[in-house]
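The values are calculated or read from the model by the stated rules, or taken from the named source; none is laboratory data. As the structure is a computational prediction, the values presented were derived from the model and not from experiment. Here the Cβ positions follow ideal geometry from the backbone for every residue, glycine too, while neighbour counts run over all protein chains shown. Side chains included, ligands, DNA and RNA excluded: accessible areas come from the protein's heavy atoms. Shrake-Rupley method; radii C 1.70, N 1.55, O 1.52, S 1.80 Å.
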Amino acid sequence: MTEKIYTNPDIYTINVPLPDNPLKNLNCYVVRDGEETMIIDTGFNQKPCYDALMEGLAELQVDLSKAILFLTHLHSDHVGLAGALSPKATYMGRVDYTYFIDTIQGTSWDVLDHRFAKEGFPKEAIAALHATNPAIAFAPNETFSAIPLEDGDPIQLGRWTFRTVFTPGHTPGHMCLYLPEKALMFLGDHVLFDITPNITFWNGMENALGQYLNSLQKIRTFSVKTALPAHRKTGDFYARIDAICQHHQLRLAEALRIVQTHPKSNAYDIAGHMQWSMRGRDWDHFPMHQKWFAVGEAIAHLEYLMAQGKIRRFENESGMSCYI
């Protein structure tokens, strides 16, 4: 199902469903100027996503051999079908493309599993999540070629020159895409309007939450009249940035209070004391893959507090991470 949402350049959305996922959908954007087409993000490597994406592209009569693909970041709901499209060219931020290659060919998942185990996540659950975690289960089957991008790089589409905006935080190399003449920005997952982007621990990325908050302030300096997020609906761009910042300040205060109340706890236990929007379910009844995201977010907030000198992490006699 496609919908035209903007004129000159012409911008369409393809509603790509994300089955059994709280994100619900991906907004795949198709941008056109004359004979030139750009597709932004793809959906999971999953049949319902593939079917919806291909149906939408067919409805818009997109010739993939002449189209370009821009990927905002490495998460599987954005790059899952990149290898299945065979566009004229694929563009992706250099940092995230490097991380993506390592998720397929390297040891990044092993490093992440080890860190989560040290933070108290049950080892048997970590192993089971490799089959059910959508970040793994619905990732591309293999690597794909991409033209790596840096902050401020141009992408030409017909008469229009888009500019990349490096916004690390949600992932190490997340990128937005900005059209200055129209004050229009494709946001990826950097700013979402009715859900809060997940900020988690990344191997080799120092203080992900600190970088995310800095990236929010960076894009706040842009003139944005049309804000196009990767999931669900749009809204007031500047007010939403303020609300997200306030959310994380409250989260940080909550995490600090829990560490002070329950000293020497690990991140898994600290996450269990935090408040999450899970339809009234308590921690013991969370789906395990949602616990995985929650613990990652708890770690990001704990690392921010450590960077501020408000708490510290140490290893107990069993080699587990603890916070005081």
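In the full protein context, the chain carries 44 Å² of accessible surface per residue, based on a 1.4 Å probe and ignoring ligands, DNA and RNA.
Look at the alpha carbon pairs under 8 Å that are at least 6 residues apart: their mean separation over the length of the range 1-78 gives a relative contact order of 29 percent. For the range 124-239, the convex hull spanned by the alpha carbon atoms encloses 147 Å³ per residue.
Between the listed residues P180, L149, G169, the Cα displaced farthest toward the positive end of the dipole of the range 130-196, a dipole computed from Cβ unit charges relative to the Cα centre, is found at P180. Ordered from highest to lowest accessible area with the whole protein assembly present and a 1.4 Å probe, H262, H73 read as H262, H73. For K264, a cut-off of 18 angstrom between C-alpha atoms picks up these aspartates and glutamates, skipping any fewer than 8 places away in its own chain: E119, E254, E303, E315, E317.
The H on the amide N of I311, modeled in the peptide plane, is under 5 Å from the matching H of M306, each at least 5 residues off or on a different chain.
Taking the C-alpha atoms only, the angle from helix 47-59 to the longest principal axis of the chain is near 20 degrees.
Taking the charge dipole of the chain about its Cα centre, with +1 at Lys and Arg Cβ atoms and -1 at Asp and Glu Cβ atoms, the residue from A230, S318, H301 reaching farthest to the positive side is H301. Normalised by the number of residues in the chain, the average gap of Cα pairs under 8 Å and 6 or more apart makes the relative contact order 14 percent. Computed from backbone phi with θ = phi - 60° and the Karplus coefficients 6.51, -1.76 and 1.60, the 3J(HN,Hα) list for the range 86-97 is 6, x, 4, 7, 10, 10, 7, x, 4, 4, 5, 5 Hz; x is used for glycine and proline. On the accessible surface of the chain, probed at 1.4 Å, how many percent belong to carbon and sulfur atoms? Within the chain, the accessible surface is 49 percent carbon and sulfur.
Going through the cross-link list K225/K291; K4/K24; K118/K218; K66/K218, which pairs have a Cα-Cα distance over 25 Å in this structure?
With Cα atoms farther than 25 Å apart: K225/K291; K118/K218; K66/K218.
Could you tell me what percent of the DSSP beta bridges with both partners in the chain are antiparallel, to the nearest 5? Could the numbers behind the result be given before it?
Values: 32 of 47 bridges.
Taking every DSSP beta bridge with both residues in the chain, the antiparallel ones total about 70 percent.
Rounded to whole numbers, the Karplus 3J(HN,Hα) couplings from phi for the range 165-175 are 10, 6, 9, x, x, 4, 9, x, x, 3, 9 Hz, using 6.51 cos²θ - 1.76 cosθ + 1.60 with θ = phi - 60°, and x at Gly and Pro. Here the convex hull built on the C-alpha positions of the range 209-324 has a volume of 128 cubic angstrom per residue. Report summary: the helix-based calculation at 222 nm, which adds -39500 (n - 2.57) for every DSSP H run with n ≥ 4 and divides by the residues of the chain, gives -11500 deg cm²/dmol.
The candidate values were [x] 39, 22, 19; [y] 35, 21, 17; [z] 39, 28, 18; the one computed from these coordinates for semi-axes √(5λ) of the Cα gyration tensor in Å carries the label [y]. On the basis of the beta-carbon distance and an R0 of 25 Å, A58 and I195 show a calculated FRET efficiency of 0.25.
Please state the shape class of the range 269-324: rounded when a/c is under 1.5, otherwise prolate if a/b exceeds b/c and oblate if not, all from the C-alpha gyration tensor.
On the way: a/c = 2.67, a/b = 1.70, b/c = 1.57.
Prolate, since a/c reaches 1.5 and a/b exceeds b/c.
Cα extents for the range 1-116 along the principal axes, largest to smallest and rounded to whole angstrom: 49, 30, 21.
In the P(r) worked out for the range 99-185, what percent of Cα pairs fall beyond 22 Å? Roughly 47 percent, rounded to a whole number.
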